[in-house]
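Here is the structure we will look at, set down as structure tokens.
The values are calculated or read from the model by the stated rules, or taken from the named source; none is laboratory data. Keep in mind the model is a prediction, meaning the values are calculated, not measured. We place every Cβ from the backbone using ideal geometry, glycine too, and count neighbours over all the protein chains shown. With ligands, DNA and RNA removed, areas are computed over all heavy atoms of the protein, side chains included. Shrake-Rupley method; radii C 1.70, N 1.55, O 1.52, S 1.80 Å.
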Amino acid sequence: MIAGDDPSRRENKITPAERESALQNLAESRERLLRMAQGLSSEQLHYRPAPGRWTVAECVEHIATVEGRVLGRIQKTLEQGPDPSKRSAVEGQEDLMVAGAVARVARFQAPEVLVPTGRWPDEQLLQEFEAARQQTRDFAASTQADLRRHFFKHPVFGELDLYQWLLLIAAHCDRHRAQSEEVLASPGFPSGTGAKALDR
């Protein structure tokens, strides 16, 4: 055993399989979002299918904003000691949680702080997403923290451990990518003409 490697702490770290699952979800959700958004014109990005519905640009902005905030909250939570008295509200049900987050059966009102405001120009949208995702990926790939013994509350799912929050980052990305695809499929969506705003 490595000096200072306490077995009781080690068993609370995520397993190699869990780490691989989180990284795979992050990679695949990233690819799906980029595939959906690339090559869209400014007109397409800002097409609003109905009053109160989000545009593709707003969905991408929301994804990037939420991801940065959630990762920051994960890192801040790790500054406090683990809380063995808490248990995840969806313990052992990660697949169901992810499926529920991605499915757009239940609709939620985003908190004011997470409502898109058009804070970035079109050409910066995917750059902001990529920067946020790279930070999440680096964290997921390298952390040795006991993610399973630190928690904070989700407004719908209740108490989640930090590993579950990592899974939720990818699921949230997929949820709003699916929302964007609904916009792309709407009858009035502009045809693919004009300058491409999101070519990289």
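So here's what we get for this one:
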quantity	calculated
Exclusive hit being open to solvent by 40 Å² or more (accessible area, probe 1.4 Å), within 15 Å of the chain's Cα centre (by Cα) and farther than 15 Å from residue 164 by Cβ, set 69, 73	69
Hits in the range 158-182 - residues which are more than 20 Å from residue 65 (Cα to Cα) and touching a helix residue (DSSP H, G or I) at 6+ places or on another chain (Cβ under 6 Å)	161
Selection within the range 21-34 - open to solvent by less than 20 Å² (accessible area, probe 1.4 Å) and either part of a loop (DSSP other than H, G, I, E, B) or of a type in the set (S, T, N, Q) (or both)	29
Lone unmet requirement of (1) on the phi < 0 side of the Ramachandran plot; (2) not in a helix (DSSP H, G or I) for residue 113	(2)
Extreme residue, nearest to residue 179 (Cα to Cα), among residues of the range 116-158 that are assigned to a loop (DSSP other than H, G, I, E, B) and open to solvent by less than 40 Å² (accessible area, probe 1.4 Å)	116
Among the candidates 89, 103, 37, residue that is modelled with pLDDT under 90, surrounded by 13 or more Cβ atoms within 10 Å (Cβ to Cβ) and either closer than 17 Å to residue 180 by Cβ or in contact with a Gly (Cβ under 6 Å, 6 or more places away or on another chain) (or both)	89
Some residue of the range 90-97 being charged (D, E, K, R), in a helix (DSSP H, G or I) and without any contact (Cβ under 8 Å) to a residue 24 or more places away in the chain	yes
Residue that is least open to solvent (accessible area, probe 1.4 Å) [pool: residues in the range 171-189 that are within 21 Å of residue 23 (Cα to Cα) and touching a Lys or Arg at 6+ places or on another chain (Cβ under 8 Å)]	173
Lone qualifier among 52, 81 - being of a type in the set (Gly, Ala, Ser) and either under 21 Å from residue 139 (Cβ atoms) or surrounded by 16 or more Cβ atoms within 10 Å (Cβ to Cβ) (or both)	81
